[in-house]
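The values are calculated or read from the model by the stated rules, or taken from the named source; none is laboratory data. Because the structure is predicted, anything quoted here is derived from the model rather than measured. We place every Cβ from the backbone using ideal geometry, glycine too, and count neighbours over all the protein chains shown.
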Ligand code: GLA
């Protein structure tokens, strides 16, 4: 057997401190020193964690693993989320003693515990005895044991058994001082399409529409003779059904995940200390259900942040963070992230050296208070043998361990400065599952990707403001100076009124292509776009065109080619100005308005009908930010450098990361204390960052 790499390498100062000004990626792996580790006695402000599966290992090994975690400053483990067959080896016979011992062992190493409820992986005896708990796949066949997520999220028996399991866990550990929180299930995703699920969908439709006449009218079922005379005739459709049916199924799915979650959440809440949070781990822009619906009962939003193939894209990953922060509009956790590489992507390359640490600091910069690696040690068998870990199958650290240990040290150091700080944004981007589902069912041009479109606006604005919130159009908006709604295709009456009130109260609203076309039932408004906002805008979309070629646009934001989608705009109010026009195009669009705007009292509403990219998108973003009187705390950053600002009433913390290959220098607007800079808190005005360098700076709120 080869000598473990970490045993061959000298203990370096790399884990102790970075260079004087900025802190660099980890140097060669350092030997862990479990016996000499001196963790803080107080709970950390920044939580570094890992997914640990003690049920897979002999208890005699636990201490060695926990020692290695402690040496890397890992402060929590997430356990139990797939351990149902160990918790309940046969029906009604529970064994939680081993988890108790694992929690006690973790406590001895100053490692707190987040407990998962194991409902994502039911035991074989359960699905064999109660076959109705297996989900029915879309092709009509039941799922089977051997993978995970084979359960039926709507099935009453499954819910009864999952709740009983969660209750046992909560009664045993709900007051355990070393348990800090709960994760319900794991990555809700797979659905069931059987007759019992269909019957529940019928009940859901009855509760929403009350009468079939109402449903038939709102779905325009006279079209193609779709008229229903009995609830049971309504099918389940997921891709090419009536738009009213499609969106109803998605809402049923979302409500059913919410009630599935609440079934376990209520029994945990009834048995647990209030200090123990309850969350579930979500998946960024995954759109299998409406996350605003499902989040509302949780204490904390969390998500699993994986890059897969390639290296981190700070813009799209940043947008996914800000989306998650928007679910409950507060700080969140990264419950899983990749230790170097995954096993499920087409190419499972590793993040380059230093990239894991930079990614973790990006998480914190966007408002995460925890970063947790999936997983600690390679499973000896199972579907994920190749996945990245911090410790190999041999039980010794892999090369990445040192980088994570450096991070742990930094989290401990920066924790006090970041404790209680949050993100403040003057700009919100609106995101709606309804709207994006509606577009994805009828893209009209296959290249129109609503998430890519949102991320493009997000990136252009964030590069100026260094902070953007992503929130639902249903939430109060008065705190924002600028609200941008990329492709907000579908609007409820409440949301339309929310936007109108926002503008009338002095906000600047920017609607972009395909916005406000459809009502709550995914049917067309009887007014052209932007539907209920036409009179406020003093203009409208005369016609939309899916483009098969590139056409020019020019005006206030410069000149550039545009493609994919174009809306021919008109003005009907003398106050409404044309900002951009199409050039020579398809005849219909030639010289017609492509972007219009109207000032309404102190507010403003703008509609952008063309796809903006590159310099025109940058100029439009600049125009919006300036017109809305947003004053970013810092000017333009060098390419590849990201700035994140977290603050409380008295101080603010700036995190700067360079994701560019080339070193970049930034001159700061005032003196800061360098939080990671050794014991000596220095002040600095100018910093140079190499690729993946991270600097954490602090100053009193100006
Ligand atoms: C998901 C799951 C984990 C694990 C990882 C692997 O996030 O929640 O259990 O399978 O993927 O990347």
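Observations on the model:
- Lone qualifier among 271, 242, 313 - being surrounded by fewer than 20 Cβ atoms within 10 Å (Cβ to Cβ), over 30 Å from residue 390 (Cβ atoms) and away from the ligand (no atom under 16 Å from the Cβ): 271
- Flag if residue 379 is modelled with pLDDT of 95 or more and in contact with a strand residue (DSSP E or B) (Cβ under 7 Å, 6 or more places away or on another chain): no
- Taking every residue in region 278-289 that is over 15 Å from residue 258 (Cβ atoms) and pairing it with any residue that is within 11 Å of the ligand (Cβ to nearest atom) and assigned to a loop (DSSP other than H, G, I, E, B), at least 6 positions away or on another chain, the pairs with Cβ-Cβ distances below 6 Å are 281/187; 283/187.
- Pairs, first on the phi > 0 side of the Ramachandran plot and touching a residue at least 60 places away in the same chain (Cβ under 8 Å) in region 92-121, second more than 16 Å from the ligand (Cβ to nearest atom) and in a helix (DSSP H, G or I), C-beta under 7 Å, six or more apart: 110/70
- Residue selected from region 145-162 under the condition in a loop (DSSP other than H, G, I, E, B) and surrounded by 14 or more Cβ atoms within 10 Å (Cβ to Cβ), by the criterion nearest to the ligand (Cβ to nearest atom): 148
- Out of 209, 130, one residue alone is free of Cβ contacts under 8 Å to residues at least 40 places away in the same chain, crowded, with 19+ Cβ neighbours inside 10 Å and out of contact with any strand residue (DSSP E or B) (no Cβ under 8 Å at 6 or more places or on another chain). It is 209.
- Filter result (within 22 Å of residue 696 (Cβ to Cβ) and either free of Cβ contacts under 8 Å to residues at least 12 places away in the same chain or buried (at least 16 other Cβ atoms within 10 Å of the Cβ) (or both)) within region 340-352: 351
- When residue 184 is tested against the conditions (1) away from the ligand (no atom under 16 Å from the Cβ); (2) in contact with a helix residue (DSSP H, G or I) (Cβ under 9 Å, 6 or more places away or on another chain); (3) over 19 Å from residue 246 (Cα atoms), the lone failure is (1).
- So residue 379, is it surrounded by fewer than 21 Cβ atoms within 10 Å (Cβ to Cβ), in a strand (DSSP E or B) and within 16 Å of the ligand (Cβ to nearest atom): no
- In this structure, residue 326 does not qualify as buried (at least 23 other Cβ atoms within 10 Å of the Cβ), assigned to a loop (DSSP other than H, G, I, E, B) and more than 11 Å from the ligand (Cβ to nearest atom).
- So residue 337, is it within 13 Å of the ligand (Cβ to nearest atom), surrounded by 17 or more Cβ atoms within 10 Å (Cβ to Cβ) and either over 21 Å from the mean Cα position of the chain (by Cα) or under 29 Å from residue 147 (Cα atoms) (or both): yes
- Hits in region 648-665 (condition: outside any loop (DSSP other than H, G, I, E, B) and surrounded by fewer than 19 Cβ atoms within 10 Å (Cβ to Cβ)): 651, 665
- Of the residues making up region 382-394, those that are under 24 Å from residue 75 (Cα atoms), touching a helix residue (DSSP H, G or I) at 6+ places or on another chain (Cβ under 9 Å) and outside any strand (DSSP E or B) are 388, 389, 390.
- Taken together, the residues in region 274-287 that are within 14 Å of the ligand (Cβ to nearest atom) and more than 12 Å from residue 323 (Cα to Cα) amount to 3.
- Checking residue 365 against (1) surrounded by fewer than 24 Cβ atoms within 10 Å (Cβ to Cβ); (2) away from the ligand (no atom under 14 Å from the Cβ), the condition it does not meet: (1)
- Among the conditions (1) part of a loop (DSSP other than H, G, I, E, B); (2) out of contact with any helix residue (DSSP H, G or I) (no Cβ under 8 Å at 6 or more places or on another chain), the only one that residue 351 does not satisfy is (2).
- Selection count, region 423-465, where residues are within 20 Å of residue 313 (Cβ to Cβ), crowded, with 19+ Cβ neighbours inside 10 Å and within 18 Å of the chain's Cα centre (by Cα): 14
- For residue 113: the one exception among (1) outside any helix (DSSP H, G or I); (2) more than 16 Å from the ligand (Cβ to nearest atom); (3) surrounded by fewer than 22 Cβ atoms within 10 Å (Cβ to Cβ): (3)
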